[in-house]
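Accompanying notes for the structure given below.
The values are calculated or read from the model by the stated rules, or taken from the named source; none is laboratory data. Remember, it's a predicted structure, so these values are computed and weren't measured experimentally. When we count neighbours, we look across all protein chains shown, and the Cβ atoms used for this are built from the backbone with ideal geometry, even at glycine. Calculation scope for accessible area: heavy atoms of the full protein, side chains included, ligands and nucleic acids excluded. Shrake-Rupley method; radii C 1.70, N 1.55, O 1.52, S 1.80 Å.
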Amino acid sequence: MQPPSVPAVPPDHPGLEALLRRMGEAVGIMDDSVFENDKFVGFFQSFRPDGRGLDGVFERLDCGDELQQRLEKLFEVAGDDRRPQGGRDAFFLARSPKPIDPKVVESKAVDWTERMAAMAETLGEPEAADRLRAITKHRVLEGIPPKHPKQAHEKTELLKTFQNVVENLVCQIATPDPFAETLRPPYYFVSCDAGVRDHLMWPLYRDHVEVEEPFQPYFDLWSHGVKFRVYQENQVDWYMPRL
């Protein structure tokens, strides 16, 4: 998965400027460098392992409390960023996930893809919606998932739909301010996972699209260390960690 581009952030919006300065204060940046386009890529990592110091950062946003609650869950799931063999995690991951029933994995997988199909339809992506609805099986496996192919000709059309459309659907949601666009890169680099990013940011989008949040089931699976892979046109494989 390629990282998203990081937009320049000019201080020409009073609310956005106040937010960026508050974010800067939280990590000890007190000058105008807070408006540089890559300043907050690793913002959330600065508050590992427990998220202390984030309180009040988003209080100027109408949905600030909801954003904070989702971040608290993220820090709870990821826990300590210290690796057993030494060093620290560069990104958030469920290092010690709780067990989950394979039937629950399958149920949440179906729920996620159905919700994503509904959002794709709503946002004018009927082909993607049809391809997601054509999934006939969610296979639940155990172990380390193999990597997806990198070459386009080796990818299924379903995988391309996930990577090229599903991961970018929220970018098509019209929002009346630049908050979501500005926060999207630092949220993405939480785990380099678009589904995690979009769940954490959903309060910023919720009032601008009439669909049930699609990302909660995905975040639930991520919280248990479950990852998906796509090698067939009508099947998604979900890999549970060996505990």
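The gain in end-to-end length when the Glu233 to Gln216 segment is fully stretched comes to 3.7 nm, 0.36 nm per residue minus the alpha carbon separation. Assign one of three labels to region 110-156, namely rounded, prolate or oblate, based on the Cα gyration tensor with a ≥ b ≥ c the square roots of its eigenvalues; rounded applies when a/c is under 1.5, prolate when it is not and a/b is larger than b/c, and oblate otherwise. Because a/c hits 1.5 or more and a/b fails to exceed b/c, region 110-156 counts as oblate. Here region 9-135 is assigned +1 on the Cβ of each Lys and Arg and -1 on the Cβ of each Asp and Glu. Its dipole about the Cα centre then comes out at about 660 debye.
What 222 nm value per residue comes from the helices of the chain, counting each DSSP H run with n ≥ 4 as -39,500 (n - 2.57) and dividing by all residues, nearest 500 deg cm²/dmol? Let's see the in-between values first.
Values: 8 runs with 95 residues, N = 243.
Helices in the chain give a 222 nm mean residue ellipticity of -12000 deg cm²/dmol.
Taking 0.36 nm per residue of separation and subtracting the Cα-Cα distance, full extension of the segment from Ser46 to Thr122 would add 23.7 nm.
Which entry is the computed Cα Rg over 2.2 N^0.38 Å for this structure: [x] 1.17; [y] 1.26; [z] 1.03? Of the listed options [x] 1.17; [y] 1.26; [z] 1.03, [z] comes from this structure.
Rank Ser223, Pro145, Leu169 by how far each Cα sits towards the positive end of the charge dipole of the chain (+1 on Lys, Arg Cβ; -1 on Asp, Glu Cβ) and give me just the farthest. Checked the options; the winner is Pro145. A run of the chain free of exposed loop cleavage sites, with trypsin sites (Lys or Arg not before Pro) counted only in DSSP states other than H, G, I, E and B and at most 14 other beta carbons within 10 Å, reaches its longest extent at 151-241. For region 1-130, rounded, prolate or oblate, judged on the Cα gyration tensor with a ≥ b ≥ c (square roots of eigenvalues), a/c < 1.5 rounded, else prolate if a/b > b/c? Note, shape of region 1-130 comes out oblate.
Annotation: aspartates and glutamates with alpha-carbon distance below 14 angstrom to Lys147 (same-chain offsets under eight excluded): Asp237.
Taking a ≥ b ≥ c as the square roots of the eigenvalues of the Cα gyration tensor of region 162-243, is the shape rounded (a/c under 1.5), prolate (a/b larger than b/c) or oblate? Write out the running numbers ahead of the final one.
On the way: a/c = 2.10, a/b = 1.71, b/c = 1.23.
Prolate is the answer for region 162-243, as a/c is 1.5 or above and a/b outweighs b/c.
Legend: calculated FRET efficiency, Ile29 to His148, from the Cβ-Cβ distance at R0 = 51 Å, rounded to 0.05, equals 0.90. Take the Cα of Leu141, step 7 Å toward its Cβ, do the same at Lys160, and the gap between the two points is 2.3 nm.
Can you tell me the dipole magnitude for the chain around its Cα centre, using point charges on the Cβ only (Lys, Arg +1; Asp, Glu -1), in Debye to the nearest 20?
On the way: 30 positive and 41 negative charges, 256 e Å.
Using only the charged Cβ atoms, the result is roughly 1240 debye.
What's the carbon and sulfur percent of region 1-120's accessible surface, probe 1.4 angstrom, rounded to a whole number? After summing per-atom areas, the C and S share lands at 46 percent. Computed from Cα atoms, the angle from the helix 14-26 axis to the main principal axis of the chain rounds to 90 degrees. Averaged over its residues, the chain has an accessible area of 52 Å² per residue, based on protein heavy atoms and a 1.4 Å probe. Computed from the C-beta positions of Arg95 and Asp38, the FRET efficiency with R₀ = 30 Å rounds to 0.65. Extending 7 Å from the Cα toward the beta-carbon at both Arg242 and Asp130 defines two label points whose distance is 4.2 nm.
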